[in-house]
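Bear in mind these aren't lab numbers, they're just calculated from the coordinates by the rules spelled out. Since we're looking at a predicted model, the values are computed, not measured. Please note: Cβ atoms are built from the backbone with ideal geometry, for glycine as well, and neighbour counts cover all protein chains shown.
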Amino acid sequence: MDQALLVGLAYKHTYEETMESLVELEHLAEALNIQTKDKIVQNAKEITPRTYIGTGKVQEVKKMIEVLDIDIVIFDDTLSPAQVKNLEKELDIQVIDRSFLILSIFAERAQSKEAVLEVSLAQKMYLLPRLIGMSQSLSRQGGGSFNAKGPGETKLELDRRRLSEEITFIKRELEKIKEEKMVSRKQRLRNRIPVVALVGYTNAGKSSIMNSLSRYLKHDSEPVLEKDMLFATLDTKAKRLQKENYPPFILIDTVGFVSKLPHELVNSFESTLSDVVGADLLLHIVDGAYFNRKQIDTTKEVLEKIGASHIERLLVLTKKEIALTLPDLQEDYVFVSNRTGENIDTLVNMIYGHLYKENRIHVLKIPFNQGQIYANLKENNTILETHYEHDGTYVKVILTPEQAIMLSSYIINKSAL
């Protein structure tokens with residue numbers, strides 16, 4: 001296991017905020033089996049262009065490397081190619097940044113064709129301006145065994161033109177996948193099935209919420225992976241869920257967010273994140289037991305970056321069974337327990353309240369020879385009353401605006417049966 005020294009620079013944030021970010025960086029390193037031996041923060045008014053941190057701090061890091069027997073130094077912010085090169089020359093050890101670490105985690109976890117392509121694209125976009133410095137890093141004898149977990153030596157040895165050609169090819173492949181998903185999305189629109197997307201910090205409990213909702217709504221399918229691990233899954237999972245006598249909705253579990261997410265990754269994951277942008281409602285999942293307001297802000301920032309900040313958002317806090325206090329929040333939320341099932345019913349009702357708030361009660365007169373219409377309403381809608389007359393079946397039912405248009409010829413002005 002590689003031993004790492006984590007380095008942060010407090011120039012835009014306080015020392016405490018920077019140290020908090022380094023704790024998160026430590027968890028990211030753990031996800032790749034890298035052990036953190038120590039953390040170091042420099043307070044500064046600005047970045048040192050040549051080595052990111054000041055000359056004196058570079059010497060301090062060099063001494064810590066010797067004393068602690070460090071294999072790799074990880075910086076909490078994205079370094080320029082020149083900074084990586086200069087730092088490795090000064091420290092004589094492998095130097096990586098948060099972006100490289102996150103990209104490596106994604107590369108290790110990607111399984112579907114789409115995720116593999118998106119991660120590969122992000123890596124190549126990150127590496128393109130860093131070919132010389134990164135190649136030196138991988139050939140450095142003093143580097144840790146972590147070398148093999150990165151994008152790989154063969155990729156780094158490619159020249160810029162070859163790398164650019166591969167980027168173009170991957171973009172074309174992702175465009176094909178995007179077009180296929182658009183066809184699927186148009187089909188959902190034709191069927192008028194709304195989409196609910198789970199968003200939030202990685203490891204906040206999104207997959208657990210999907211499984212809880214599936215159990216509550218008696219959806220017979222394989223549960224999605226639940227694991228106490230950052231970015232446990234990168235692949236989008238979708239389920240068609242439905243409360244009895246209510247319309248269905250599609251629930252989508254998406255990739256988790258993290259602070260300082262590499263912009264290459266956000267750009268590359270356009271296809272996956274398009275599921276979020278195309279949603280009718282976002283369930284913003286937050287760890288309620290180990291509450292961190294910064295994680296809420298980070299998710300909001302990513303949603304803004306991908307153009308999804310305008311979508312209606314419902315805040316869902318998890319782990320109610322072990323929470324000691326109620327978080328002080330200025331917005332409405334529902335506090336649930338995936339372990340005990342507490343308030344999952346409330347969450348389901350809130351989802352329907354948000355999705356179908358424009359629904360209205362209508363009275364329909366359905367001819368006896370149109371029995372399929374009544375059967376469909378019974379399966380997908382809430383029927384309040386049914387009355388049989390000589391000229392047909394009179395039904396008081398809750399309809400969506402789209403259903404009201406499609407069934408307008410059967411709607412009568414009668415307010416009650």
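Below, the figures for the structure above:
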item: Lysine pairs in region 268-417 with Cα atoms under 25 Å, if 8 or more residues apart or on separate chains; result: 16
item: Potential lengthening between D332 and I412 on full extension [0.36 nm per residue; Cα-Cα distance subtracted]; result: 25.0 nm
item: Choice from G256, G54, G392 with maximal GNM fluctuation in the chain (Cα, 10 Å cutoff); result: G392
item: Alpha carbon Rg of region 39-126, scaled by the compact-globule rule 2.2 N^0.38 Å; result: 1.26
item: Relative counts (whole %) of C-alpha pair distances in region 192-355, using bins that are 5 Å wide; result: 2, 9, 19, 24, 23, 14, 8, 2, 0
item: Efficiency of FRET from Cβ geometry, N43 and R293, R₀ 22 Å, rounded to 0.05; result: 0.40
item: DSSP-defined beta bridges in the chain - what % are antiparallel, rounded to 5; result: 40
item: Spacing of the two label points (7 Å from each Cα toward its C-beta) at L128 and F368, in nm; result: 7.1
item: Gaussian network model of the chain, springs between alpha carbon atoms under 10 Å - residue of D332, D297, D69 with greatest fluctuation; result: D332
item: Unit charges on C-beta of K, R, D, E only; dipole of region 274-396, Debye; result: 80
item: M125, M406, M210 arranged by Cβ crowding within 10 Å, fewest neighbours leading; result: M406, M125, M210
item: Qualifying trypsin sites (Lys or Arg not before Pro) for region 285-360 [loop in DSSP, other Cβ within 10 Å: at most 12]; result: K357
item: Directionally averaged shadow of the chain, computed from the convex hull of its alpha-carbon atoms, nm²; result: 23.8
item: Angle between the chain longest axis and helix 160-191 axis [Cα atoms, degrees, rounded to 10]; result: 20
item: Overall Cα dimensions of region 360-412 - principal axes, largest extent first, Å; result: 28, 19, 17
item: Förster-model FRET efficiency, 51 Å R0, T55 and K113, C-beta, rounded to 0.05; result: 0.60
item: Loop sites in region 31-132: trypsin sites (Lys or Arg not before Pro), DSSP, at most 10 other Cβ within 10 Å; result: K45
item: Distance between modelled label sites at S164 and Q35, nm, 7 Å Cα→Cβ extension; result: 4.5
item: Rounded to 5, the percent of DSSP beta bridges in region 192-355 classed as antiparallel; result: 25
item: Of I74, I193, I366, the one that fluctuates the most in a GNM where the chain has Cα springs shorter than 10 Å; result: I366
